[in-house]
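First up is the structure itself, then whatever we jot down about it.
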Amino acid sequence: MSSKIKILKMRESDISDVLKIYEECNLSRWTYADYLKEIRLVNSINYTAKIAEQIIGFITARLIMSQNNIPTLYQETKEKFKVIEVECEIYNIGVRKFSQRNGVGNSLLFEILKKCKQSNAKKIWLEVRQSNQKAVNFYKKNNFKEKYRRPNFYNNPPDHALVMSLDKF
Ligand SMILES: CC(C)(COP(=O)(O)OP(=O)(O)OC[C@H]1O[C@@H](n2cnc3c(N)ncnc32)[C@H](O)[C@@H]1OP(=O)(O)O)[C@@H](O)C(=O)NCCC(=O)NCCS
């Protein structure tokens with residue numbers, strides 16, 4: 001990968017360029033307002049890949065807490081709920097077509113892995129269209145394993161979802 005590429009925290013002023021990459025990569029659309037809300041969440045992790053001042057890629061993920069000791073979900077007290085695990089969910093990643101297959105995706109994912117280690121996250125989850133072989137290969141190359149399939153999960157166009165996870169990193 002070119003040393004000129006920088007991975008930086010996503011800022012509000014980056015959102016419109018990120019949404020252009022959504023369009024170019026034909027990813028499911030988030031609105032500007034969705035994104036703004038997302039990057040303001042304390043547990044949201046968002047990075048852009050930039051060459052000079054041009055955004056050529058992005059990644060959006062969230063740290064999510066799981067709890068146990070739940071007699072019933074309706075008895076929510078401090079004593080009964082205990083955080084047992086932090087996990088991460090990757091919502092989307094995209095790289096401008098002219099920059100694909102150049103290590104940018106790997107660099108964006110690496111920042112997520114760093115953040116997950118710092119936060120002691122145990123697992124990283126994601127969901128991907130089964131027909132999106134480019135992305136499936138990318139995740140497999142990065143040691144994500146297929147866990148299960150959600151049949152007919154997507155519309156426009158219809159597709160199955162593969163749920164993949166990375167359990168050791
Ligand atoms: C998936 C995506 C983010 C990968 O980003 P990238 O910068 O091109 O990926 P990298 O260059 O870091 O590739 C890392 C590895 O992934 C695999 N990979 C990436 N693109 C691939 C392709 N087109 N075909 C097969 N394997 C591929 C390869 O193993 C590659 O390593 P290698 O080049 O040494 O063989 C990019 O293709 C993309 O933006 N796709 C469109 C958006 C999308 O589908 N996002 C996923 C939504 S869940």
Just want the answer: with Cβ charges of +1 for Lys and Arg and -1 for Asp and Glu, which residue in 133, 67, 92 is farthest toward the dipole's positive end in the chain?
133
Separation between the residue 41 and residue 65 pseudo-spin-labels, each 7 Å from Cα along Cα→Cβ, expressed in nm?
1.4
Can you figure out the FRET efficiency of residue 26 with residue 6, using R₀ = 35 Å and their beta-carbon distance, to the nearest 0.05?
0.85
Taking the DSSP beta bridges in segment 6-166 as the whole, what percent of them are antiparallel, to the nearest 5?
90
log10 of Debye I(q)/I(0), alpha-carbon scatterers only, for segment 6-166 at 0.08, 0.10, 0.11 Å⁻¹:
-0.26, -0.40, -0.49
For segment 118-163, report the % of Cα-Cα distances exceeding 12 Å.
63
Percent antiparallel among DSSP beta bridges confined to segment 78-169, nearest 5, equals 70
Based on the Cα gyration tensor of segment 88-165, what are the three equivalent ellipsoid semi-axes, each the root of five times an eigenvalue, rounded to whole Å and given largest first?
21, 17, 10
Charge dipole (debye, nearest 20) of segment 6-166; +1 at Cβ of Lys and Arg, -1 at Cβ of Asp and Glu
500
Contour minus end-to-end for residue 146 and residue 16, with contour as 0.36 nm per residue of separation and end-to-end as the Cα-Cα distance?
43.6 nm
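Each reported figure results from applying straightforward, stated rules to the coordinates on display, with no laboratory input. Keep in mind the model is a prediction, meaning the values are calculated, not measured. Positions of Cβ are generated from backbone atoms using ideal geometry, with glycine treated the same way; all protein chains shown enter the neighbour counts.
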